[in-house]
Every structure is written in C-alpha cells, then in structure tokens.
Amino acid sequence: MSIAMTKRLALRELIPDDAQSFYDLNSDPDVLQYTGDNVFDSVAGARSFLANYVAVYGKHGVGRWAVISKEDEAFLGWCGLKYSEDTKVYDLGFRFFKKYWGCGYATEAAIACVSLGFSTHNIPKIIGRAMEANSASIRVLEKAGFTFETFFDFEGEDGVIYKIQRQ
C-alpha cells in the first residue's frame, strides 16, 4: 500500500521482503560515506531490522519509506520522516542506490515526505541533518525548501542542520 505517490515514485512502508535491497544499499561504502551507519552483517540481519522497524510506523505514524519506481517497480532506496524521542523533532532522511543519484529521485521523494508530514500529520517543523561535506544531500534539502539552521557535531564530523516549517 502506498503512503505517497509522485509523478515517478511510490513510497510505501519498508517490509522484511525488502531485506536484500536494504542489505545491498547499506553494503555500498559510497552510499554510507556520510551516514555514520554500519553495514549489516547479512541479509538476515537486514530482514530482522526491517521486521522490528514496523513498530515505528504505528508509534509515530511516520518512518523511513521504501521508494519504488512506478515505471519498473525497482527499489530505488528509502526516504522518510523519523521522530526523535530525545529532541522531539522530526527528521527527514534519505538514501538511494548510487545508480539513481543525480536523477532527482531524492528531491522528489523528499518533497512528498515533507508534504505528507505537514498535511497529514500536522508536523510544525522538519529538520534535515547532513555532514557538511555531503553537498549532494544539502542540495536535496535546499531543493525541497529547507533552509540552513545551525552547525552540529555529526559523530565527530562537521554537520549542518536545515529546517522547513509548515506555513
């Protein structure tokens, strides 16, 4: 079931059957370069993560969603909103297979997620975090309407926080 649709994309909840794609995505060192995340030990580890992740959707109504091409139903990556219990802030995140970089999919998915967050979930503010060196992700945030808010420590690296507020 789709959470959101755009001209080229369908966003839906991540499911355990996405494990191979999720594992492959997180196995690419270029994809993980600016994330601070670790590679899954195995496809089974990715499946277990995804099986447990389902609870996130019920708890906050949002989460990271699979981004699927409407043209060929390929799993392109993920994009979505995550609520932080500690900071009480919603964060936009995204990650795509390298072969889809530069195609506008991240921006298209990000805009859909922000719209969903504001219109369906009445979220007043969404932030996006990135390592300062990750100019591609910063461009996606800017194209999606985010503006610079502040700098922060991103796991020992220079990080930036961008924000967008509901009108």
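The values are calculated or read from the model by the stated rules, or taken from the named source; none is laboratory data. If you're wondering where the values come from, they're calculated on a predicted model, not measured in any experiment. Methodologically, a virtual Cβ is constructed for each residue, glycine included, from the backbone with ideal geometry; neighbour enumeration extends over all protein chains shown.
What number of residues within segment 121-137 are more than 18 Å from residue 37 (Cβ to Cβ) and out of contact with any Lys or Arg (no Cβ under 9 Å at 6 or more places or on another chain)?
Adding up the residues that qualify gives 2.
I'm told residue 4 meets every condition in (1) farther than 14 Å from residue 109 by Cβ; (2) touching a Cys at 6+ places or on another chain (Cβ under 8 Å) except one. Can you identify the failing condition by its number?
(1)
Filter segment 70-91 down to residues that are part of a loop (DSSP other than H, G, I, E, B), modelled with pLDDT of 95 or more and not aliphatic (A, V, I, L, M), then give me how many there are. Walk me through how you get there before you give the answer.
Start the filter on segment 70-91 by keeping residues that are part of a loop (DSSP other than H, G, I, E, B), which leaves 70-74, 85-88.
Filter once more, so that each one left must be modelled with pLDDT of 95 or more: 70-74.
Still in the list and also not aliphatic (A, V, I, L, M): 70-73.
So the answer is 4.
What number of residues within segment 99-120 satisfy the criterion of being in a helix (DSSP H, G or I) and either in contact (Cβ under 8 Å) with a residue 40 or more places away in the chain or in contact with a Lys or Arg (Cβ under 9 Å, 6 or more places away or on another chain) (or both)? Spell out how you get there, then give the answer.
The first filter runs over segment 99-120 and keeps only residues in a helix (DSSP H, G or I), leaving 99-100, 105-119.
Checking the rest, the ones that are also either in contact (Cβ under 8 Å) with a residue 40 or more places away in the chain or in contact with a Lys or Arg (Cβ under 9 Å, 6 or more places away or on another chain) (or both) come to 105-119.
Residues that pass the stated criteria total 15.
Could you tell me which residue of segment 27-58 is surrounded by the most Cβ atoms within 10 Å (Cβ to Cβ), considering only residues that are assigned to a helix (DSSP H, G or I) and touching a strand residue (DSSP E or B) at 6+ places or on another chain (Cβ under 8 Å)?
Taking segment 27-58 as the starting set, the residues that turn out to be assigned to a helix (DSSP H, G or I) are 29-32, 43-58.
Still in the list and also touching a strand residue (DSSP E or B) at 6+ places or on another chain (Cβ under 8 Å): 31, 53-54, 56-57.
Numbers: 31: 19, 53: 17, 54: 13, 56: 17, 57: 16.
In this case the residue turns out to be 31.
Kindly provide the set of residues from segment 91-110 that are touching a helix residue (DSSP H, G or I) at 6+ places or on another chain (Cβ under 8 Å) and under 22 Å from residue 61 (Cα atoms), ordered by number.
92, 94, 95, 106, 107, 110 - these are the residues of segment 91-110 that are touching a helix residue (DSSP H, G or I) at 6+ places or on another chain (Cβ under 8 Å) and under 22 Å from residue 61 (Cα atoms).
Any idea which of 154, 96 is within 17 Å of the chain's Cα centre (by Cα), closer than 24 Å to residue 24 by Cβ and in contact (Cβ under 8 Å) with a residue 60 or more places away in the chain?
On the way: 154 fails: closer than 24 Å to residue 24 by Cβ.
Only one candidate passes the filter, namely 96.
With the condition kept exactly as written, say whether any residue in segment 61-69 is at pLDDT below 95 and either of a type in the set (D, E, K, R) or over 14 Å from the mean Cα position of the chain (by Cα) (or both).
Yes, segment 61-69 contains a residue that is at pLDDT below 95 and either of a type in the set (D, E, K, R) or over 14 Å from the mean Cα position of the chain (by Cα) (or both).
What are the pairs, 6+ residues apart or on separate chains, where a residue within segment 58-77 that is touching a residue at least 60 places away in the same chain (Cβ under 8 Å) has its Cβ under 7 Å from a residue that is of a type in the set (S, T, N, Q)?
Hits for this filter: 76/69.
Can you name the residue in segment 1-26 that is touching a residue at least 24 places away in the same chain (Cβ under 8 Å) and part of a loop (DSSP other than H, G, I, E, B) and is also surrounded by the fewest Cβ atoms within 10 Å (Cβ to Cβ) among such residues?
7
Scan segment 141-167 for residues that are hydrophobic (A, V, I, L, M, F, W, C) and assigned to a strand (DSSP E or B) and jot them down.
First, pick out the residues of segment 141-167 that are hydrophobic (A, V, I, L, M, F, W, C): 141, 144, 146, 148, 151-152, 154, 160-161, 164.
Selection gives 148, 151, 152, 154, 160, 161, 164.
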